[in-house]
Structures are given as structure tokens and as C-alpha cells.
1. Could you count how many residues in segment 479-510 are out of contact with any Phe, Trp or Tyr (no Cβ under 8 Å at 6 or more places or on another chain) and aliphatic (A, V, I, L, M)?
2. In segment 147-167, what residues are of a type in the set (A, V, I, L, M, F, W, C) and either touching a residue at least 12 places away in the same chain (Cβ under 8 Å) or closer than 29 Å to Met430 by Cβ (or both)?
3. Run down Ala255, Ala223 and say which single residue is more than 18 Å from Arg132 (Cβ to Cβ) and touching a His at 6+ places or on another chain (Cβ under 6 Å).
4. With the requirement that a residue be within 34 Å of the chain's Cα centre (by Cα) and not in a loop (DSSP other than H, G, I, E, B), what does segment 37-55 give you?
5. Tally time: how many residues in segment 148-163 are in a strand (DSSP E or B) and of a type in the set (Gly, Ala, Ser)?
6. What number of residues in segment 311-349 are crowded, with 19+ Cβ neighbours inside 10 Å, charged (D, E, K, R) and over 22 Å from Leu228 (Cβ atoms)?
7. Can you name the condition, by its number, that Ala22 falls short on among (1) of a type in the set (Gly, Ala, Ser); (2) modelled with pLDDT of 95 or more; (3) within 29 Å of the chain's Cα centre (by Cα)?
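The values are calculated or read from the model by the stated rules, or taken from the named source; none is laboratory data. No experiment lies behind these values; they were computed from the predicted model shown. Here the Cβ positions follow ideal geometry from the backbone for every residue, glycine too, while neighbour counts run over all protein chains shown.
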Amino acid sequence: MANAERAAAGLRPGDTEGARAARDDAPYLDALRAYAARGPGRFHVPGHKGGVGADPGLRESLGERALAIDIPALTQGIDTGPEPTPFSEAQRLAAEAWGAQRTWFLINGASQGNHVACLALAHRGDRVVVQRNVHSSTIDGLVLSGMRPTFVAPEIDAELLIAHCITPAALERALDETQGAVGALVVSPTYFGAVADVEGLAEVAHARGLPLVVDEAWGAHLAFSDELPAHALSLGADLVISSIHKIVGSLTQSAMLHLGRGSLLDPSVVDRCVTLVESTSPSSLLLGSLDAARRQAAVHGPELLGETLRALEAARAAVREVPGLDVLDERISGRPGVHAYDPLRLVIDVRGTGATGYDIAPIVLRDADINLELYGENVIVAVFGMGESAAEQGVRLVEALRRAVGSLDAPGDRARDAFAPPPPWGRLVMTPREAFLGPQEVVPMREGVGRVAAESLAAYPPGIPNVLPGEELTAETVEYIQQTLRLGGTLRGASDRSFATIRVAAERRS
């Protein structure tokens, strides 16, 4: 069969017809459906018994078919019984699709994957190098594992005041300065679409015999199109966190964890860590959605992504025609911390309007019911899925933006010089675990300046911690968080979301 014919048939180099047929299957989802179709005696949880005992509103909202496949773990012929079970086969097919040695399905999102990564690294020692703008779940993983981090600052875009990725040179310096480091945790792509030089980062880590863990929560789709930057597993990452629901289309709260081929991490250790932080009652709906999303990506991913990419090209061109708006695209590749750009993120630069994302986002929500993924001072971010009607949705978004910008009072509602980039992070005084679990007290926010935080403070957007448990709280950080709240942002991680008080490590008294 010629290459063109093989591609048209959905075959990859080296595939047999049988391999294509396997990718067409969704063994776990099919097993759930077969179980429901049999009308079995349900003398097990959940109590809704396949839907008959469910609240009518829930039954109407989800549908009887969804409730019928909501079954417990350890069900014969689904995830237990002769191997390979449908569940183990579904995970095997996912590993094949992403090019992994082994893949685990996660039902607590990519957050669970970050917890697992920290726990797995802790089997090797207690020192780790961590990109400072990691997701807050990675910090939670440091609390759970007790590891002592050395943080590496990402490259900050001087124009847009957003954080990009870390460079291989920065990782190299951090590893050289961290005696006893057992691995590195990095992020790629970022919220804003910047893709790291993962190959270079892996080379730096592997030259020291250390594993590289990549939080690729926003890049699960990268493996399925040659038009996109290469994905982390293909570039030598040892462990990759993949948030399938974000773009590939599984249900919210579902994700995967991929172990790289030739990984420096022990698969049995990773497996133990997955078990430690997973529910003993995993949702079959979430797991089934992962199986289905894998099938769609493996069989139709290149075609679906191609359609979305074409639609986004048109949307970017239309955005540029709106006075005052511009977009981020491949032009930012080559900036510090940006090795490549992921075009599935539509990041719109609003600086030319004289207004901010905090001004524009509420207008498009109020007037057009447009809900954005993220907005900040200089940019707003719209996320497009792999299989949606991207062209239609792009037109809807651009029209809403055009009306919103036209309604602004020139030169905008807020003065640009009122903003400043996020301040430097405070000094790490104790480990996140020591601060989070140690003696604490709650003090008025202003009295917290100079104290050691016992909780994370993450101004949202974008939800990257400004203060971590164990870091010293600075006056500049307090002011930055207050500014974000005044502009309509929120505060994540804090026990007091109003930021009137803060939880700090108790001071020793003689």
C-alpha cells in the first residue's frame, strides 16, 4: 500500500491493518456499554442502580445511558478477570497512541499526575529542581512528598508581562547549584501557548543521570499532528502529565500519566504512587471518556486538528482587523523561553485598545455570553478543542470582541502605567511541607509581611502561585495580589479568599 493510501486509511508507518483496527476500538467503553445492555443484577454501588434510583433531575440531565454505565471498580470482565482486561487494554492503546512505555488513566485530573510525579521522585531523594511557575498542584505534590525544591524562574515576557518556559541553560545552572538533586519538574506548553525546548531540557537532565518530568497538561493534542510542535515524550521526557479533557475532549477531571520509553523512573514506583493518591471508587464515566478520547485522537486527530488550525488561522486574521487587537502566534518563537508556539491557544493582545483584559472579558460575557479561559492585564485567552466547530465559534468570538472594543471609552478604562509585572518571589525559608503541616497562626494580611506563609496564594489569572508555603511574604507581593483582586481577579489557595487575613508559620517564642 502506498504512503498516501496508508494515510488515507488511518495507518501509520509500520502499522498493520490489525493495528488500525485496534485503534478503532474503545475496549473499556465498549465493555461498559455491553455490561449495561445485559441488564445485570446490580447488587453493588452506586446507589442509583444504573439510574432507576437517581433523582429525576439528574436522570434528565445526564440521560439514562450515562447512568447505566456508571459502575464500580473491580467488575468482572471490565477491569478484573483474565488479562488483558478491557481496562488494561485501553491503557495499553493509550500508551501506544502517545508513544509511552506505560500509561495510567487518572480520575483526579492532571493535578493527580503532578502529585504522583513528586511522590515518585521522592523515592530517589529529597532535593528537586522545579520551574517556579508550575501549577499549584505541583506545589501540593511537594507538600505531600516533603521534597525540598530549588526553584528556577521562567523567562518573563517584557512586553506582555507573562511567564514563558525555562531554558536549558537555566535548568543547567539550577542543577549545578542543587547538591543531591534527583530530578527536574518543568512546564510545557504554558497557559499562553509557549512551548519549551524539551529536548534541550532532557539532555541537560539526562547528562546528570536525572529524570525530566514535564507537566504537559495543555499539550495532550501535540502528539497527533505534524503541524504542531513535537510533544514531550517524543523529545526524551521521562514522565509526562497529560490533561486529556482540556483539548482532546474527555470529560472534565480526567487525565493521563505517561512514562517515557527508556525512562529513568521505575514503572513499579510510579504505579504505587498512582495507587496512593487515587480513589478506590474511580468514575467509570471519566475512565470511559479517556478511552473514547484516545480513540478519536488516534484515528481522527490529524484531520480534526487540521480543521481547527485552519479555523484559528482565519480567526487570528479577523482579530487583527479589530482596531487595537493583535494576537500571539509563531512570531514569538525564539523569544527567551519560547522554543515553539502551540496555535491551539488563541491569545489576544489587548494593549492597543487602551483597555485591559479585565475590562474586555466582562463585556463579552455580559453582552454575548462568551466565557473565556483566562484574562489578565494585557491578554485574553480563548481555548479551542480538537473536534469542535472552530470556524463557527471563531466568528462568534471575533464579532463579540469587535462589539466590546467598539463600546470602550477611549483611551480605555484604566491607565497602563498603573500596572506592574508580578514581583520577585519571596525567599524560601522552609520546605512547603514543613510550612503547610507545621504550627501556624492566622494574622491580618498586613501583619503577614515578612512572615513565612503556611499556604499558597495564587492570584487568578493565571493561577500560578505568587506565594508558596515556606516562602517569605513580601509587601510587593501583597500589593500585587490586592491589585488583581481590585481588577476582578480571584485568589486561589488561600483559606481567606478575601485576603483580609493570611495563615503563616507560627514564630518560635523563647
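1. Of the residues in segment 479-510, 6 are out of contact with any Phe, Trp or Tyr (no Cβ under 8 Å at 6 or more places or on another chain) and aliphatic (A, V, I, L, M).
2. Residues of segment 147-167 of a type in the set (A, V, I, L, M, F, W, C): 147, 151-153, 156, 158, 160-163, 165-166.
Passing the criteria: Met147, Phe151, Val152, Ala153, Ile156, Leu160, Leu161, Ile162, Ala163, Cys165, Ile166.
3. On the way: Ala255 fails: touching a His at 6+ places or on another chain (Cβ under 6 Å).
After applying the criteria, what remains is Ala223.
4. Lys49, Gly50, Gly51
5. The initial filter retains those residues of segment 148-163 that are in a strand (DSSP E or B), namely 148-152, 156, 163.
From what is left, the residues that are of a type in the set (Gly, Ala, Ser) are 163.
Summing the residues that are in a strand (DSSP E or B) and of a type in the set (Gly, Ala, Ser) in segment 148-163 gives 1.
6. The total comes to 0.
7. (2)
So that you can scan it fast, the table gives a plain yes or no per residue for (1) in contact with a strand residue (DSSP E or B) (Cβ under 7 Å, 6 or more places away or on another chain); (2) at pLDDT 90 or above:
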position	(1), (2)
Ala404	no, yes
Asp409	no, no
Pro424	no, no
Thr431	yes, yes
Gly450	yes, yes
Pro461	yes, no
